[in-house]
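Undergrad: My questions will all concern the structure given below.
The values are calculated or read from the model by the stated rules, or taken from the named source; none is laboratory data. Everything numeric in this text was worked out from a predicted model, so none of it was measured. Methodologically, a virtual Cβ is constructed for each residue, glycine included, from the backbone with ideal geometry; neighbour enumeration extends over all protein chains shown. We work out accessible area using only protein heavy atoms, side chains counted, and drop any ligands, DNA or RNA first. Shrake-Rupley method; radii C 1.70, N 1.55, O 1.52, S 1.80 Å.
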Amino acid sequence: MRRPRATEVSTVKKPVSQDQQGKIAGLAVVVMAAGLGKRMRSKQAKVLHPVAGQAMVLYSVGLGLRLAGDRVAVVVGYQADLVRQVIVRATSGKSGDSPVAIVEQLEQLGTGHAVLQSRSVFAVGKRGAPSRYLILNGDTPLLQERTVRELLRVHEAERATVTVLTAVLADARGYGRVVRAHSAQRGVARIVEDRDANSEEQAIREVNAGTYVVDGEFLFSALEKLEPSNAQGEYYLTDIIHLAQDSGRRVAAVMLDNPNEGLGVNTRRQLAEVEQVVRQQIRNRWLDAGVTMIDPTSVWIDNTVTIGKDTVLYPNVTLEGNTVIGEDCVLRSYVRLTNCTIGNGVEILDHCVCADSHIEDGAHLGPFVHLRPGVMVRKKAKVGNFVEMKKTDLGEGSKANHLSYLGDTTIGKGVNIGAGTITCNYDGVRKFQTVIGDGVFLGSDTQLIAPVTVGAGAIIAAGTTVTEDVPADALAIGRVPQVNRTGWAARRRALQGGVNRDTLTVKRKTKFTRLTKKRPMPS
Ligand code: UD1
Ligand code: CA
């Protein structure tokens, strides 16, 4: 991102010093997130729509927390409880307390009315009222921290009462237009909303990005003076700009160099546009951090994911939620991981879908593995093709290589789970546990009727249905005894009119089926 350019700082000799990283003293942040977002045509509040896997509002809230610490208020309204839950869950520490204050706007009477609801939040406490407020829309997830720091810097340097962030867009439709004064300084005179703009104003391409810094002593007294005299009958926050001008106060503006950053999400098209930009930012972040992507644009990484150095992502990998991947891993194509923790040196072959599971160092998965929530694959364990697991702990070095379902199971170290092994964990009503000790060998096609325990070192013969606990080091075998009938097959072929072994497969469909229906089988 190029640095934002201040339009009105030319007279400023020395920028006010400010810690570029830390919290800003005296600053409070208000995030407006009460609107329904009609233009989204959705049942869900607009600010809850995810961008790179994270509710849109959390981008503004996160920015607020980085700048103002615990002095952040979010105004909620439409689906208030849901929005509140999402914010509290995302911002709570280990104690379960969120530093974010949530206030409710009972009726959505406009952005000015929304900010007014936050008045009581910062009025209490020993620290005194905030000297400045940063006001953010809840629908501008591309906004960068350093842009906001620049906005604050200009606000101080200009001794402004209100400072507004603007962007010049090719298509300004839907945005508030920035009307500049005719004076030499071309300061911001007012902001006119799209619906209220005359044709001359509609031609203006400089728009309000919905991010403002306002002096504490001015903000609420100005908000109280707002009138809903506009096309939408709403209390517009943007009207504080001409109120400031009218009372001889200074209004400053910072224009974005990269207008993308000001993109507000009002429609699904804009949501898709913003998603693309954020996804690219995330890819670049991990490429810069030492992750290899064979085809970056096909890799989808949520904002909340972490990836270690020298990990290689093949095309079409999707990493979601709170997934954490270690170093030196290889994820082949069409792997989707959701809320998974992957150790170092893990290889995951193509087409694996895994959720809420842990995979330890050096483990090997896939192809075609399905891990449902609650799986632990311990060090150097192997899970092979067409294996599904749920709430199962696969011990160190153990292998489940082919065609299995393992649910509600604890498996020790060095265990071999034969092809086609199934834990029958569900009787249609309740779920039951299976326990398999260290060093057990399960032959192919074993069924374990839970609850059941197989002691360490036991061997289960292929095809066994295990209904009783197996003692350690025992052999369990449960099969129908085999009977061999000498010459039976040859006699049947003879009944088919002398078809010999070589031509049997060719003739089978026609003659054989007819014969077996009409004639009795040989015994
Ligand atoms: C707003 C600005 C517009 C600017 C644009 C930038 C106003 C009047 N207009 O318009 O100048 O160009 O943002 O993206 O401010 N909200 C509430 N309560 C309400 C109404 C809205 O909390 O009563 C919240 C919404 O949830 C949203 C934000 O305020 O997060 C902005 O509202 P929205 O309706 O999207 O405003 P725009 O029409 O985009
Ligand atoms: Ca908007």
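Undergrad: How are the Cα pair distances of the range 312-412 distributed, in percent, across 5 Å bins from 0?
TA: All Cα pairs considered, the percentages come to 4, 15, 27, 32, 16, 5, 1.
Undergrad: While we're on this one: So, for the range 314-380, what is the accessible surface per residue at a probe of 1.4 Å, expressed in square angstrom?
TA: Here the per-residue accessible area is 40 Å².
Undergrad: Still on this structure, please answer the following. Provide, as a two-decimal number, the C-alpha radius of gyration of the range 376-495 over 2.2 N^0.38 Å, N being how many residues it has.
TA: Output field value: 1.22.
Undergrad: Express in whole angstrom the spacing between the alpha-carbon centres of the range 319-349 and the range 263-316.
TA: Here the answer is 15 Å between Cα centres.
Undergrad: Right, another one. In square angstrom, rounded to the nearest 10, how much accessible surface does SER183 have for a 1.4 Å probe?
TA: The accessible area comes out at roughly 50 Å².
Undergrad: Something else: Considering only protein heavy atoms, with the full assembly of protein chains and a 1.4 angstrom probe, order ASP350, ASP81 by accessible area, largest first.
TA: ASP81, ASP350
Undergrad: Would you mind working out the accessible area per residue for the range 69-179, using a 1.4 Å probe, and quoting it in Å²?
TA: Accessible area per residue: 42 Å².
Undergrad: With the alpha-carbon atoms as the only input, what is the per residue convex hull volume for the chain in Å³?
TA: Cα convex hull per residue, to the nearest whole number: 236 Å³.
Undergrad: Once you have the Cα-Cα distance between ALA181 and ALA490, take 0.36 nm times their residue separation minus that, and quote the gain in nm to one decimal.
TA: Working it through step by step, the gained length comes to 100.9 nm.
Undergrad: Could you compute the net charge surrounding CYS424? Neighbours are other residues with a C-beta less than 11 Å from the C-beta of CYS424; K and R count +1, D and E count -1.
TA: Once all neighbours under 11 Å are counted, the net charge is -1.
Undergrad: Follow-up. What trypsin sites (Lys or Arg not before Pro) does the range 58-136 have in DSSP loop regions with at most 14 other beta carbons within 10 Å?
TA: Counting only loop positions with at most 14 other Cβ atoms within 10 Å, the trypsin sites (Lys or Arg not before Pro) in the range 58-136 are LYS94, LYS126, ARG127.
Undergrad: Also: How large is the Kirkwood hydrodynamic radius of the range 77-220, counting all unique pairs of alpha carbons, in Å?
TA: 17.4 Å
Undergrad: On alpha-carbon atoms, Rg over Rh for the range 172-270 using Kirkwood Rh?
TA: 0.95
Undergrad: Shifting gears a bit: Over the residues of the range 215-273, compute the C-alpha Rg and express it relative to 2.2 N^0.38 Å.
TA: Rounded to two decimals, the normalised Rg is 1.46.
Undergrad: Give me a comma-separated list of calculated 3J(HN,Hα) values for the range 406-417, in order, Karplus coefficients 6.51, -1.76, 1.60 applied at θ = phi - 60°, integers in Hz, x for any Gly or Pro.
TA: Coupling constants for the range 406-417: 10, x, 6, 10, 10, 10, x, 7, x, 8, 10, 9 Hz.
Undergrad: Within a Cβ distance under 15 Å of HIS364, other residues only, what is the Lys/Arg minus Asp/Glu net charge?
TA: 0
Undergrad: Find out how many positive minus negative residues lie around GLY321, taking Lys and Arg as positive, Asp and Glu as negative, among other residues whose Cβ is under 12 Å from that of GLY321.
TA: Cβ neighbours under 12 Å give a net charge of -2.
Undergrad: What GluC sites (Glu not before Pro) in the range 107-187 are in a loop by DSSP, with at most 14 other Cβ atoms within 10 Å of the Cβ?
TA: Within the range 107-187, the qualifying GluC sites (Glu not before Pro) (loop, at most 14 other Cβ atoms within 10 Å) are GLU107.
Undergrad: Let me ask something else. Looking at the chain only, what percent of DSSP beta bridges run antiparallel? Nearest 5 please.
TA: Counting DSSP beta bridges with both partners in the chain, the antiparallel share is about 20 percent.
Undergrad: Ok, one more. Enter the Cα centre distance for the pair the range 369-420 and the range 35-109, rounded to the nearest angstrom.
TA: Cα centres, the range 369-420 to the range 35-109: 39 Å.
Undergrad: Okay, moving on. As a test of the formula, what do you get for the chain when each DSSP H run with n ≥ 4 contributes -39,500 (n - 2.57) and the sum is divided by the residue count, at 222 nm and rounded to the nearest 500 deg cm²/dmol?
TA: Result for the chain, helices only: -6000 deg cm²/dmol.
Undergrad: Still on this structure, please answer the following. Quick check on packing: order 370-378, 468-476 by the mean number of other C-beta atoms within 10 Å, highest mean leading.
TA: 370-378, 468-476
Undergrad: How much of the accessible area of the chain, in percent, comes from carbon and sulfur atoms when a 1.4 Å probe is used?
TA: 50 percent
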